[in-house]
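Here's the structure we're looking at; comments come further down.
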Amino acid sequence: MNPDKKWGYCPNCAHSQRFVRVDVNHTFHLVMTMLTLGLWSISWVSAIIGRRITPWRCKHCGSHAPDFTRSIGRRSRDRTNDEQGGV
């Protein structure tokens, strides 16, 4: 269950952050569905739907709104902070 990782712009953090998404372990869910005589399939379907609704999550703040088209590099962020007198 290795998560996918991707850099993107996080509107909550206001800079580039790493976004992650976890794949659904279909083998585990299949075994659990067979052991519980189909009752676990409810959990399996909800895991699939949940991944499709909010697939990416900011690793820093947990936001589900990545912008992969806009990415601010570290140098740009540092230069902006220096211009504003920030740290």
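Per-residue packing, averaged as other Cβ atoms within 10 Å, sorts the ranges 22-28, 4-10 into the order 4-10, 22-28, beginning with the highest. Charged neighbours of VAL45, selected by a Cβ distance under 14 Å, balance to +2 (K, R count +1; D, E count -1).
Computed with the Debye formula from one identical point scatterer per Cα of segment 4-81, without solvent, the log10 of I(q)/I(0) at q = 0.17, 0.27 Å⁻¹ comes to -0.70, -1.15.
Just so you know, all these numbers are worked out from the coordinates, no wet-lab data involved. Every value quoted in this text rests on a predicted model; they were computed, and no experiment measured them. Positions of Cβ are backbone-derived with ideal geometry, glycine not excepted, and every protein chain shown enters the neighbour counts.
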